[in-house]
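Read-outs throughout are calculated quantities, based only on the coordinates presented, and are distinct from any laboratory measurement. Keep in mind that this is a model prediction, so the values were computed, not measured. Because the Cβ atoms are built from the backbone with ideal geometry, glycine has one as well, and the counts that use them run over all protein chains shown.
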Ligand SMILES: *[C@@H]1O[C@H](CO)[C@@H](O)[C@H](O)[C@H]1NC(C)=O
Ligand SMILES: *[C@@H]1O[C@H](CO)[C@@H](O)[C@H](O)[C@H]1NC(C)=O
Ligand SMILES: *[C@@H]1O[C@H](CO)[C@@H](O)[C@H](O)[C@H]1NC(C)=O
Ligand SMILES: *[C@@H]1O[C@H](CO)[C@@H](O)[C@H](O)[C@H]1NC(C)=O
Ligand SMILES: *[C@@H]1O[C@H](CO)[C@@H](O)[C@H](O)[C@H]1NC(C)=O
Ligand SMILES: *[C@@H]1O[C@H](CO)[C@@H](O)[C@H](O)[C@H]1NC(C)=O
């Protein structure tokens with residue numbers, strides 16, 4: 001039955017569509033209702049129903065005994081059962097092939113002479129509240145010995161190296177020499193990453209996303225990009241289109257018709273420079289003319305450019321701020337949003353920002369002090385709901401926005417409010433497991449005298465970090481100070497008590513925040529940003545030397561607080 005139904009659909013499609021012709025034409029060769037060979041004269045893959053395998057590129061098979069390419073999500077009880085391969089659109093040079101499963105449609109768009117394929121997925125019935133969701137390529141480990149992302153390149157650890165170690169936590173192994181191997185060392189900022197991949201002397205395999213509109217999270221969202229599978233030894237190239245590796249929330253709801261992609265799954269001779277050039281070329285072609293079959297019309301309803309200007313309430317431009325169009329009227333911080341489509345940029349020195357090729361919809365506009373911004377003393381953020389974006393072919397000015405600052409008088413600040421531990425010991429130095437062991441348990445920090453690089457990126461161990469500072473004159477008797485603690489990330493198991501004047505005054509405590517795995521999963525950049533303000537009672541601080549203490553009362557190795565900044569101000 002299924003076979004006849006398929007034949008019927010295929011014939012219909014072929015009558016309606018002019019297919020590319022010639023020896024080098026992209027093709028769909030249906031094997032049975034749930035299996036087909038797709039490709040062109042450069043490469044081909046046998047797809048379905050669960051895996052794409054084998055895959056040939058320039059005559060060489062590149063999956064070997066590894067699993068191949070597939071989609072999967074966390075807590076999945078059975079593999080996708082893709083079936084009914086059908087050409088749904090074509091032109092002189094391309095075909096768009098749809099494979100259908102009950103959860104959704106996986107498409108391969110194959111061009112003549114293209115080394116690889118464009119791919120996209122349309123949601124039909126993925127679980128509501130979907131956790132981690134990705135596609136990935138598990139490939140032959142001799143063909144692909146190396147991994148590449150913007151922060152780390154070179155040989156992946158071998159399976160035998162991993163097996164020689166002692167497992168000390170999730171995917172983390174301690175070797176005899178005291179060093180660690182963990183897959184999380186191969187993470188990167190997914191929303192600013194250009195391309196990533198695995199490669200060897202003859203073949204490279206890459207994911208290239210010219211847009212990240214369909215990927216969750218803000219500028220700071222990090223994801224695992226490549227790794228060595230620790231059970232099988234497969235070389236793994238990940239495509240974390242809905243990754244949750246460095247955040248607290250468990251999932252999102254997705255509407256029917258929600259699309260991930262198209263991205264380019266790219267094959268080459270292993271050249272990193274060539275993959276980089278290909279990325280530039282793809283960015284220049286975005287948004288692609290396809291897909292147009294079976295897709296909700298919203299995909300092509302776009303504003304070519306959205307512009308605006310942000311000024312702080314104190315008159316300064318929001319120079320270098322992170323700016324994002326995200327979910328409207330939503331309580332989630334942009335880092336954790338993920339149901340819809342997202343646009344991220346940085347304001348220029350005048351506070352002007354622009355987003356390109358934005359899908360028509362209603363968004364919230366968010367701005368906050370990010371990496372290297374000139375407003376890293378501002379602890380507030382801008383959130384403006386109900387930003388209407390409609391389809392236009394000309395730049396759309398959405399206006400001038402005023403971002404209210406905290407309007408307080410600074411006494412001192414350690415670090416920048418940029419949601420990163422930049423400038424601190426070991427802060428922003430890549431992904432390395434175990435660096436928090438290098439943080440002091442106890443630290444004396446004197447404002448205006450101790451170097452900021454003595455303050456460490458992470459505080460994990462029981463002990464006290466004391467900040468001393470001078471006040472040149474006695475504060476007014478009713479002057480209230482506000483202590484703002486800003487953390488770039490937090491992994492659970494560590495509690496902190498805050499006191500002033502060498503423990504004489506209780507200020508507050510920060511206990512049992514929701515876990516994000518950033519600290520124990522190798523990040524020296526952060527995970528979910530946490531920010532708290534605590535009032536210090538009037539009369540606490542005096543003329544002369546004063547102190548504030550951050551005491552870890554319950555420690556946990558590799559967990560704890562990743563510092564962004566600490567700020568003391570008069571209210
Ligand atoms: C796929 O590529 C291999 C290696 O070049 C080739 O032998 C095979 O015929 C190709 N399959 C199809 C259907 O073109
Ligand atoms: C490659 O995978 C095989 C198992 O298929 C494994 O025995 C071998 O150690 C792996 N190679 C590397 C470099 O990890
Ligand atoms: C803005 O600040 C408020 C209050 O601190 C906080 O609840 C919210 O998550 C922040 N939003 C962003 C975009 O940082
Ligand atoms: C922060 O900005 C600096 C300077 O532009 C840059 O070198 C660094 O890579 C950035 N760090 C992150 C985490 O984006
Ligand atoms: C901090 O200063 C106190 C008081 O001077 C001293 O007892 C303590 O040893 C110092 N701690 C460190 C880690 O230097
Ligand atoms: C730090 O130094 C600056 C510049 O000399 C001075 O204005 C400020 O009062 C000092 N702050 C503290 C807390 O010592």
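What's the center-to-center distance, using Cα atoms, between the range 359-381 and the range 93-164 in Å?
Measuring centre to centre over Cα atoms gives 32 Å.
Return the inverse of the average 1/r over all pairs of distinct C-alpha atoms in the range 43-150, which is the Kirkwood hydrodynamic radius, in Å to one decimal.
Taking the inverse mean of 1/r over all distinct Cα pairs, the range 43-150 comes out at 15.1 Å.
Could you work out the per residue convex hull volume over the alpha carbons of the range 368-457, in cubic angstrom? Mind dumping the intermediate values first?
Values: hull volume 15.4 nm³, N = 90.
Looking at the range 368-457, the number lands at 171 Å³ per residue.
Can you sort 525, 189 by how many other beta carbons sit within 10 Å, fewest first?
Least to most surrounded, the residues fall as 189, 525.
How are the alpha carbon pair distances in the range 409-570 distributed across 10 Å bins from zero to the largest one, expressed in percent?
Bins of 10 Å from zero give 12, 43, 33, 11, 1 percent of pairs.
Kindly put 209, 219 in sequence by how many other C-beta atoms sit within 10 Å of each C-beta, fewest to most.
Ranking 209, 219 by Cβ neighbours within 10 Å, fewest first, gives 219, 209.
Taking the simple approach of a point 7 Å from Cα along Cα-to-Cβ for both residue 452 and residue 296, what is their distance in nm?
Roughly 4.3 nm, to one decimal.
Hey, what angle do you get for helix 272-285 against the long axis of the chain, alpha-carbon based, 0 to 90 degrees rounded to 10?
80 degrees
If N is the number of residues in the range 301-403, what value comes out of its Cα radius of gyration divided by 2.2 N^0.38 Å?
So the Cα radius of gyration is 1.01 times the expected 2.2 N^0.38 Å.
Counting pairs of alpha carbon atoms under 8 Å apart in space and at least six apart in sequence, what relative contact order in percent does the range 27-298 give?
19 percent
If one computes the Cα centroid of the range 251-323 and of the range 551-567, what distance in Å separates the two points?
About 36 Å separates the Cα centre of the range 251-323 from the one of the range 551-567.
With contacts defined as alpha carbon pairs under 8 Å and 6 or more residues apart, what's the relative contact order of the chain in percent?
11 percent
On a 0 to 90° scale, report how tilted helix 2-16 is relative to the longest principal axis of the chain, with both axes built from alpha carbons and the result rounded to the nearest 10.
Once rounded, one gets 90 degrees.
For the range 301-403, what's the relative contact order in percent, using C-alpha pairs closer than 8 Å and at least 6 residues apart?
Details: 258 pairs, mean separation 43.7, N = 103.
It rounds to 42 percent for the range 301-403.
When the convex hull of the C-alpha atoms of the chain is computed, what volume per residue in Å³ does it have?
It is 153 Å³ per residue.
Once every DSSP H run of n ≥ 4 in the chain is given -39500 (n - 2.57) and the sum is divided by its residues, what mean residue ellipticity at 222 nm do you get, rounded to the nearest 500 deg cm²/dmol?
It comes out at -2000 deg cm²/dmol, rounded to the nearest 500.
Volume per residue, Å³, of the convex hull around the alpha-carbon atoms of the range 247-349?
Convex hull volume per residue, Cα atoms: 192 Å³.
Evaluated at 37 °C with a viscosity of 0.692 mPa s, what Stokes-Einstein diffusion coefficient in µm²/s does the range 227-291 have when Rh comes from the Kirkwood expression over alpha-carbon pairs?
On the way: Rh = 15.4 Å.
Estimated via Stokes-Einstein, D reaches 213 µm²/s.
Using the 10 angstrom Cβ neighbour count as an exposure proxy, how do 225, 496 rank, fewest first?
496, 225
Take the Cα pairs of the range 27-298, get the Kirkwood Rh, then feed it into Stokes-Einstein at 37 °C and 0.692 mPa s and tell me D in µm²/s.
For these conditions, the coefficient is 173 µm²/s.
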